[in-house]
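The values are calculated or read from the model by the stated rules, or taken from the named source; none is laboratory data. Predicted model only: the values in this text are computed from it and were never measured. Here the Cβ is made from the backbone with ideal geometry for all residues, glycine too, and neighbour counts use every protein chain on show. In case anyone asks, the SASA skips ligands and DNA or RNA and just uses the protein heavy atoms, side chains included. Shrake-Rupley method; radii C 1.70, N 1.55, O 1.52, S 1.80 Å.
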Amino acid sequence: MQVHTLDKALLIHEGQLGSHLNHAVEGGRRADFALMLAMLSPDRLETVPVDAPPAPGKTEEELRAYFELQPPPPLTVSEHCYENSAAQAATFHRSGLSDVRLLQGLQPIALDFPPQGTKGFPEEVYHNLSGHERRMLPPKEEAGIQASPQDLYLSLIQAKRYAEMQRIA
């Protein structure tokens, strides 16, 4: 019974001793100091200082709304990126680089323009293929399943009827 009470009174870190450890050192009481150190837990996992996780901050959308910032530029091409990039090119030829920077800030264009018509391959790889190999490539878009809930229901009814006919025969 005494073992359980000792387990509950186990000291995890020296902060639990308060100023008693300091007074034992200042008073030269070596026995008290050794006893208090012996009472500390030997498990290093208990004595590792762990900082509390930081409070959750504001999300990026909240900060953008607070500072009245534009949405971030798109990473890949969308349908309006080609018109914006053409407008920026025309602005560069008419007015110069400073106007293009202003236009980029107002209407950002995509950071990446992947090649089109190469079935997902880089241009160097696609143009290195022969015509026969290009013809053998699968289409880029995967064909979806051509099924509807009504077709599924009819298939289940047919399967049930076939199963019933197999049991009878």
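If you keep only loop residues by DSSP, which GluC sites (Glu not before Pro) in segment 66-145 have at most 11 other Cβ atoms within 10 Å of their Cβ? Could the numbers behind the result be given before it?
On the way: sites: E68, E79, E83, E123, E124, E133, E141, E142; in loops: E68, E79, E141, E142.
Answer in residue order: E68, E79, E141, E142.
For segment 89-129, which trypsin sites (Lys or Arg not before Pro) pass both filters: DSSP loop (anything but H, G, I, E, B) and at most 15 other C-beta atoms within 10 Å? Don't skip to the end; give the middle numbers.
Details: sites: R94, R101, K119; in loops: K119.
When the trypsin sites (Lys or Arg not before Pro) of segment 89-129 are filtered for loop state and at most 15 Cβ neighbours within 10 Å, K119 remain.
Express the carbon and sulfur contribution to the solvent-accessible surface of segment 54-169 as a percent, rounded to the nearest whole number, probe 1.4 angstrom. Numbers along the way, then the final one.
Numbers: 6070 of 10150 Å².
Looking at segment 54-169 in its full context, I get 60 percent from C and S.
Once the piece of chain linking R30 and L75 is laid out straight, how much longer is it, given 0.36 nm per residue of separation minus the C-alpha distance between them?
Values: separation 45, 0.36 × 45 = 16.20 nm, distance 6.71 nm.
My answer for the length gained is 9.5 nm.
Normalised by the empirical 2.2 N^0.38 Å for globular proteins, what value does the Cα Rg of segment 45-111 take?
Numbers: Rg = 20.3 Å, N = 67, 2.2 N^0.38 = 10.9 Å.
With N residues counted in segment 45-111, Rg over 2.2 N^0.38 Å equals 1.87.
For the residue pair S85 and I157, what label-to-label distance in nm results when each label sits 7 Å from Cα along the Cα-to-beta-carbon direction?
For the pair S85/I157, the computed spacing is 5.3 nm.
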